[in-house]
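Just below is one structure, and these are the notes that go with it.
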């Protein structure tokens, strides 16, 4: 039995739109209006810190994060990728993989800082379309990876 | 020759107080007033993204980050660790390892969000003292790790 915390939202709910899962983690589309393509990778068990995982668990998690980042670069063509494991509000291990663009609402600040501007509707549409293609490619890439690992 | 960008501050300067380095990365005390113990681990060569490294390079970098996190947990006793690779302003691969406390200036928000409060002077003193002990332990842990890897 994996550890579950009955008060933890990431133990009780997926925390977004589920794209893929295996026995130990899940890949979620956050669907944040300003950040199409923002992905969260959530460890299934309730552990707070990266260093709470075993080496083998971290290696598996890292491999998935890398696959998300590479597929995001290929399909969203962001100006920068942001990676973060924070968990101050919800201390259940999860990573944010965030495609950043020079004209996004917070660039060059982190997405948690004060908003700098709104997307233009044209650019937001472009990024939304890329996010759709990215999601499809990501499901394929994760399924292919799972097959390779068998 | 590693790639160097003459316009990049992390190619030109350490980016903080140097605690340790090896041939490929360096460990920096950021000395940010509100965040004693905040560490940055900076890749020496000018590459923007985590996925620009080879698997062996990422494994080495990850091992150092893990050692920083574990030593930080032991000596700073934070309520949470935050890990982040952003690089929107300076697109030269570096990770932030941030000890967070429930009464720190931004908790539970990320440190880049709006400030919530000031430290009490008593608590800031406690955290500063822990940061001193942490730095000493971190140098030892990194040197020990380097010896083990030889």
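Scanning segment A:129-145 for residues that are exposed (fewer than 13 other Cβ atoms within 10 Å of the Cβ) and touching a residue at least 24 places away in the same chain (Cβ under 8 Å) yields one hit, A:143. Selection of segment A:35-64 for residues being farther than 24 Å from residue A:6 by Cβ and either at pLDDT below 95 or more than 11 Å from chain B (Cβ to nearest Cβ) (or both) yields A:35, A:36, A:37, A:38, A:39, A:54, A:56, A:60, A:64. For residue B:123, the conditions (1) more than 9 Å from chain A (Cβ to nearest Cβ); (2) part of a helix (DSSP H, G or I); (3) surrounded by 15 or more Cβ atoms within 10 Å (Cβ to Cβ); (4) over 14 Å from the mean Cα position of the chain (by Cα) all hold with the exception of (3). Answer yes if at least one residue in segment B:98-119 is within 15 Å of the chain's Cα centre (by Cα) and more than 10 Å from chain A (Cβ to nearest Cβ), and no otherwise. Yes, the conditions are met somewhere in segment B:98-119. The set of residues from segment A:51-66 being closer than 23 Å to residue A:138 by Cα, touching a strand residue (DSSP E or B) at 6+ places or on another chain (Cβ under 9 Å) and in contact (Cβ under 8 Å) with a residue 40 or more places away in the chain comprises just one member, A:64.
Taking (1) crowded, with 19+ Cβ neighbours inside 10 Å; (2) closer than 30 Å to residue B:116 by Cα; (3) in contact with a strand residue (DSSP E or B) (Cβ under 9 Å, 6 or more places away or on another chain); (4) within 14 Å of chain A (Cβ to nearest Cβ) in turn, residue B:27 satisfies each apart from (4). Considering only residues in segment B:65-92 that are facing another protein chain (nearest Cβ under 7 Å) and assigned to a loop (DSSP other than H, G, I, E, B), the one that is surrounded by the fewest Cβ atoms within 10 Å (Cβ to Cβ) turns out to be B:89.
The values are calculated or read from the model by the stated rules, or taken from the named source; none is laboratory data. Owing to the predicted nature of the structure, the values given are computational and were not obtained by experimental measurement. All Cβ positions, even for glycine, are placed from backbone atoms using ideal geometry, and neighbour counts span all protein chains on display.
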